[in-house]
Amino acid sequence: MPKLSRLFVRTALAYLVAGFTAGALMLANKGVALHPFLWRLLPLHVEFLLVGWTVQFIFGVAFWILPRFGTSRGPEGVVWLSYGLLNAGVLLAGVGGLLAGSPWPVLAGRLAEMGAIGAFVVNMWPRIKPFRDVAAGGGRGHGPSRAP
């Protein structure tokens, strides 16, 4: 697994732990009133689990598993940009949800997340190629059958 994929997956696991911790605190607060502030963790909980954990994990596995150009996975600088934008976006949107005042941090976070997705797609798009039927010459391919 490449270094960048490991970083994506490890960061995703950190968001998973943080998101579940926020959820556990809110659940405990439901049974035993600990502090009213804990209910404000809901946007952070949702952001960390839906975007921080899920999207980050998908990016890490996709960067690792999608076909390569020979030995290269394409320009990694764009994927590093995607990593930075995604994490900045998750933190801005998650922490911005805690601040009940201005919607600007959440908006900035969402824009950063969209930029991260765009940067990731720029790197991945050329790696997605159509399936080539290896059985065209009568070999033992695994492609779709071409019945007359």
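Rundown of residues vs (1) among the polar types (S, T, N, Q); (2) over 21 Å from VAL122 (Cβ atoms), yes/no style:
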position	(1), (2)
LYS30	no, yes
HIS35	no, yes
GLN56	yes, no
PHE59	no, no
LEU81	no, no
GLY97	no, yes
SER102	yes, yes
The residue that is surrounded by the fewest Cβ atoms within 10 Å (Cβ to Cβ), considering only those in segment 98-120 that are under 20 Å from GLY19 (Cα atoms) and more than 19 Å from the chain's Cα centre (by Cα), is ALA100
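Only one residue in LEU42, LEU34 is closer than 23 Å to LEU99 by Cβ, over 14 Å from the mean Cα position of the chain (by Cα) and outside any helix (DSSP H, G or I). Which one? Talk me through it step by step, then tell me what you get.
Values: LEU42 fails: outside any helix (DSSP H, G or I).
Within the list LEU42, LEU34, the selection yields LEU34.
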From the list VAL55, VAL122, VAL106, which residue is of a type in the set (A, V, I, L, M, F, W, C), in a helix (DSSP H, G or I) and either modelled with pLDDT under 80 or within 16 Å of TYR15 (Cα to Cα) (or both)? VAL55
If we keep only residues of segment 71-86 that are surrounded by 20 or more Cβ atoms within 10 Å (Cβ to Cβ) and in contact (Cβ under 8 Å) with a residue 40 or more places away in the chain, then the residue farthest from the chain's Cα centre (by Cα) is VAL79
What are the pairs with Cβ atoms under 9 angstrom where one residue, in segment 94-111, is touching a residue at least 12 places away in the same chain (Cβ under 8 Å) and the other, located anywhere, is exposed (fewer than 13 other Cβ atoms within 10 Å of the Cβ) and in a loop (DSSP other than H, G, I, E, B)? Sequence gap at least six, or different chains. GLY96/SER102; GLY96/PRO103
Can you say whether LEU50 is surrounded by fewer than 18 Cβ atoms within 10 Å (Cβ to Cβ) and closer than 23 Å to VAL122 by Cα, as far as the supplied structure shows? yes
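The values are calculated or read from the model by the stated rules, or taken from the named source; none is laboratory data. Treat the numbers as computed from the prediction; the structure is a model and nothing was measured. No Cβ is skipped: glycine too gets one built from the backbone with ideal geometry, and neighbour counts run over all protein chains shown.
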